[in-house]
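Heads up, the thing below is written out as structure tokens.
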2 protein chains.
Amino acid sequence: MTPTPGPVGAVRQGSLRELNLAVVLGRIAAADRPPSRAVLATETGLTRATVSAVVEDLITGRLVTEAEPAPRSGAGRPARGLVLAGNGPAGLGLEINVDYLAVCVVDLAGRVRHHTVHRADLRPVSPADALSRLVELAGQARAEAASQGLTLAGAALGVPGLVDDAGTVRLAPNLGWRDVPVPALLAGLPPLTERVDGVPPIVVDNEANLSALGELHAGSDGPASFLHISGEVGIGAGIVLDGDLFRGARGWSGEIGHIPVHSAGRPCRCGGRGCLEQYAGQEAILAAAGLDRADLPADTAPVRLTELAETGSVDALRALHEAGTALGIAVASVVNLLDLDTVVLGGGYAPLTPWLRPPVLDEISRRVLTAAWSPVTVRPAALGADAAAVGAAGSVVRRIIARPAGWLARTG
Amino acid sequence: MTPTPGPVGAVRQGSLRELNLAVVLGRIAAADRPPSRAVLATETGLTRATVSAVVEDLITGRLVTEAEPAPRSGAGRPARGLVLAGNGPAGLGLEINVDYLAVCVVDLAGRVRHHTVHRADLRPVSPADALSRLVELAGQARAEAASQGLTLAGAALGVPGLVDDAGTVRLAPNLGWRDVPVPALLAGLPPLTERVDGVPPIVVDNEANLSALGELHAGSDGPASFLHISGEVGIGAGIVLDGDLFRGARGWSGEIGHIPVHSAGRPCRCGGRGCLEQYAGQEAILAAAGLDRADLPADTAPVRLTELAETGSVDALRALHEAGTALGIAVASVVNLLDLDTVVLGGGYAPLTPWLRPPVLDEISRRVLTAAWSPVTVRPAALGADAAAVGAAGSVVRRIIARPAGWLARTG
DNA sequence: GCCAAATAATTCAATCGCTGAACAAATAGC
DNA sequence: GCTATTTGTTCAGCGATTGAATTATTTGGC
């Protein structure tokens, strides 16, 4: 018979405290208002004694601080609220994309404490040079974080391509990268040169995945299961289930751009026919709207498209309707397969949501069997174009919150 | 990054033993040959003392027994192998389908200890009557299990339709069921009338999901991530990831039958157009092969199709090629999205694998971006038509292995 | 103004389960 | 028959949680 998924690692004596640190910190992070120790005790089922001990560890480890006395209700000793510390560990988020580099720092509470975008066409730049520019930006971010009392506890880098477990970029077509060993090239990156807690100092991941995480981070109270679609030159999807990113068997999930929507349609550079990208990719939309990239300054075409749509240009509206229909067909497949109830339009799609949503919803309601019972929501992303950088930084923070023991052991 | 799935509930003192029971039992279940206590200790990182204590609990709880001395290698006191008990708890698996009822009992080790299939066209039968027939079969299974020294520790029922969390069958189109409250109608089912460990006594689930679990059970050492496709009148998919069934946000995942493969193709009863079911559903294949159901005795058409294909009938081969192509387009979508490396053809597709596989592989290699790095395997299911019953029983067993403390608390 | 009620947080002996080392058991090889 | 070797058990020690008692701090009533 087959391996049972059960807990893989053994549970040793000390794991108990480790796990409870995670439980309590997780509650503090998820709470709407700063909870007291007493509230945490009743919520988790632990004793108040235990919670006090755990909280003390978290406070001395700079993960949690006591908040100002919350508005009081009734008699009794006033509770002391607990909040995630704003001066403890923070995550460094990096992003390389076709036409910009982005760097940001996010603290434990999810606040963006530093944010830089460096615009430049990176296609002609070698991977090593691009990464060395990134290292420079990261150095500035680290200094900035230090001046705010933050300690960078890890970094994550988003790239528009497929990344393997070792962090090598196997293929980033729009960037022109192939088999780029990012971790080796980043050896000089300031924070974290050694492995911490079994995790490499730099996690390299797909940009669409990280954007989805960024959305999870930004949408404070929305549902924690959704499909996030990044509409750029390529189309990538990040699947978030119960607050966790779904990565697939090998981490290469989300290649929604090559889902066939018109099986015998236009040939695609992937070798297939009728791929979504051929109908809803940025270039396809612009071409259909009559906005050939050549006669416009770089990167203004998408803005121009929005303007045209707003002024009611027939060509633009038709192009968006076609793209929305194709997108809807692909999304219907995904929803049928994974049973998600929320679709987030991100990246270049976000500003186009008013025009894309109707045809998408149309196809969903037509093709999804369960849509009658529970309607599917389609909404624009909360974050802008560089959501991946925020998501990358957030992923670092999330790991600390999920496993605070690693951080605590580090500081001693 | 993947944040470690933090423990949701608190970790109390006793949880430690609970978790270690699961760890050790899981290792015993996953091992190729009966492991000794010493081996378990080194594998898990626990002390031999702890492992001995845990194993003692498992043995007194009838979950594990000591095997005959394994073939010895070298000096030293001979190890005593540990195996899953064949006389402890067992799972009761039930299945209702269009033309049969199936019941089976699976023991902890995954062996099928009892198996009955009752053929009957259930479409004209009311849900209450169908379920009462099932209760009768379950009673026999329970007696049979008792005579073999087994105790039924839970039951699961597979139905060809959508099931909600409460166990109500919202829609089973081919059975003609709608909003059938199965748990209420099953009140008289022999084993387990009270909730055990927070889990209802009867778990009702989609037949395709359970078939996938059955496959996981049967395929002893294959990869634990795959897509299992049941080709019946409808087409359902079960997604297994790392040995766990993926159920989607609301448990309605796997509706692969209505993935659009020819966006403007044949209208489907779901309201969409060009759904997979219209090209690769059983009826579509038979019609394309010229085997109209009317002129053949019930249920012989699929067999006849296989015969025709074997003898080289042009119509049959063309029908299968068309179906395989449609299936391949849909599977390509899934693989692009979820990055799976194995596709299992189950249900009615299993015997047709020789003819379906080539076009499916063809579409995959054409449309899946990552196929070049890691090829996708397409293979027939190991279990036959009533895989869902075995999978249902297996799901009960799997839950016990994943959380042995629940069972142990029950027997005291 | 003072006291009782109420709620929050801490202290402390008891207990549960894991640890590590010593010890007993059982066998192969010389 | 003796030794080396590996397995499994026993037992004192210890870390973390528990539950009750204690202290701390505020509100509300007399």
>> Every residue in the stretch B:9-24 that is at pLDDT below 90 and within 14 Å of DNA strand C (Cβ to nearest atom), please.
In response: B:VAL11, B:ARG12, B:GLN13, B:GLY14, B:SER15, B:LEU16
> Got at least one residue in the stretch A:225-237 being at the interface with chain B (Cβ under 8 Å from one of its Cβ atoms) and either aliphatic (A, V, I, L, M) or open to solvent by 30 Å² or more (accessible area, probe 1.4 Å) (or both)?
Replying inline: yes
>> What's the number of the only condition in (1) under 12 Å from the mean Cα position of the chain (by Cα); (2) part of a loop (DSSP other than H, G, I, E, B) that B:SER374 fails to meet?
In response: (1)
> Do you know which of the residues in the stretch B:250-293 that are open to solvent by 50 Å² or more (accessible area, probe 1.4 Å) and small (Gly, Ala, Ser) is modelled with the highest pLDDT?
Replying inline: B:ALA287
> Got at least one residue in the stretch B:332-347 being under 26 Å from B:GLY265 (Cα atoms) and surrounded by fewer than 18 Cβ atoms within 10 Å (Cβ to Cβ)?
Replying inline: no
> Looking only at the stretch A:25-57, which residues are within 14 Å of chain B (Cβ to nearest Cβ), away from DNA strand C (no atom under 12 Å from the Cβ) and either among the aromatic types (Phe, Trp, Tyr) or open to solvent by less than 50 Å² (accessible area, probe 1.4 Å) (or both)?
Replying inline: A:LEU25, A:GLY26, A:ILE28, A:ALA29, A:THR44, A:GLY45
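Working only within the stretch A:7-41, note down all residues that are under 30 Å from B:ARG398 (Cα atoms), part of a loop (DSSP other than H, G, I, E, B) and of a type in the set (Lys, Arg). Even if it seems obvious, please write down each step before you answer.
Quick first cut of the stretch A:7-41, residues under 30 Å from B:ARG398 (Cα atoms) only: A:7-24, A:26-27.
Going one step further and asking which of them are part of a loop (DSSP other than H, G, I, E, B), we end up with A:7-14.
Passing the criteria: only A:ARG12.
Return yes or no: is A:LEU345 closer than 19 Å to A:SER253 by Cβ, more than 14 Å from every other protein chain (Cβ to nearest Cβ) and not polar (S, T, N, Q)?
Values: closer than 19 Å to A:SER253 by Cβ: yes; more than 14 Å from every other protein chain (Cβ to nearest Cβ): yes; not polar (S, T, N, Q): yes.
It is true that A:LEU345 is closer than 19 Å to A:SER253 by Cβ, more than 14 Å from every other protein chain (Cβ to nearest Cβ) and not polar (S, T, N, Q).
Can B:THR306 be described as of a type in the set (S, T, N, Q), within 26 Å of the chain's Cα centre (by Cα) and modelled with pLDDT of 95 or more? Show your work before the answer.
Details: of a type in the set (S, T, N, Q): yes; within 26 Å of the chain's Cα centre (by Cα): yes; modelled with pLDDT of 95 or more: no.
Against the criterion (of a type in the set (S, T, N, Q), within 26 Å of the chain's Cα centre (by Cα) and modelled with pLDDT of 95 or more), B:THR306 does not qualify.
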>> Here are the criteria: (1) modelled with pLDDT under 90; (2) within 14 Å of chain B (Cβ to nearest Cβ); (3) near DNA strand C (Cβ under 8 Å from one of its atoms). Tell me which single one A:PRO5 does not satisfy.
In response: (3)
>> Every residue in the stretch A:312-325 that is in contact with a Gly (Cβ under 9 Å, 6 or more places away or on another chain) and open to solvent by less than 10 Å² (accessible area, probe 1.4 Å), please.
In response: A:ALA316, A:ALA319, A:ALA323
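Which of the residues spanning the stretch B:388-412 are touching a residue at least 12 places away in the same chain (Cβ under 8 Å) and away from chain A (no Cβ under 14 Å)?
Residues of the stretch B:388-412 that are touching a residue at least 12 places away in the same chain (Cβ under 8 Å), as a first pass: B:388-411.
Passing the criteria: B:ALA388, B:ALA389, B:ALA392, B:LEU408, B:ALA409, B:ARG410, B:THR411.
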> Of all the residues that make up the stretch A:42-76, how many are of a type outside the set (A, V, I, L, M), over 22 Å from A:ASP32 (Cβ atoms) and either in a strand (DSSP E or B) or within 7 Å of DNA strand D (Cβ to nearest atom) (or both)?
Replying inline: 2
> Which one of these does A:VAL98 not meet: (1) within 16 Å of DNA strand D (Cβ to nearest atom); (2) surrounded by 16 or more Cβ atoms within 10 Å (Cβ to Cβ)?
Replying inline: (1)
> Being β-branched (Val, Ile, Thr) and at pLDDT below 85, is that true of even one residue in the stretch A:48-64?
Replying inline: no
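A quick yes/no check of all residues on (1) in a helix (DSSP H, G or I); (2) among the charged types (D, E, K, R):
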residue: A:VAL233; (1), (2): no, no
residue: A:ALA249; (1), (2): no, no
residue: A:TRP252; (1), (2): no, no
residue: A:GLY265; (1), (2): no, no
residue: A:ILE285; (1), (2): yes, no
residue: A:ARG318; (1), (2): yes, yes
residue: A:LEU327; (1), (2): yes, no
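Can you tell me which residues in the stretch A:118-157 are assigned to a strand (DSSP E or B) and among the β-branched types (Val, Ile, Thr)? Don't jump to the end; show me each part of the working.
Applying the first criterion (assigned to a strand (DSSP E or B)) to the stretch A:118-157 yields A:118-119, A:151-157.
Hit for the stretch A:118-157 is A:THR151, nothing else.
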>> Checking A:THR370 against (1) of a type in the set (Val, Ile, Thr); (2) in the same structural domain as A:ALA237 (by TED's automatic domain parsing); (3) in contact (Cβ under 8 Å) with a residue 40 or more places away in the chain: exactly one of these is not met. Which one?
In response: (3)
> Does the stretch B:102-110 contain any residue that is open to solvent by 20 Å² or more (accessible area, probe 1.4 Å), under 30 Å from B:PRO173 (Cβ atoms) and not in a loop (DSSP other than H, G, I, E, B)?
Replying inline: no
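The values are calculated or read from the model by the stated rules, or taken from the named source; none is laboratory data. In this text the structure is predicted, and so the values were computed from the model without any measurement. Neighbour counts are summed over all protein chains in view; Cβ atoms, including those assigned to glycine, are modelled from backbone coordinates with ideal geometry. Just the protein is used for accessible areas: all its heavy atoms, side chains included, with ligands, DNA and RNA removed. Shrake-Rupley method; radii C 1.70, N 1.55, O 1.52, S 1.80 Å.
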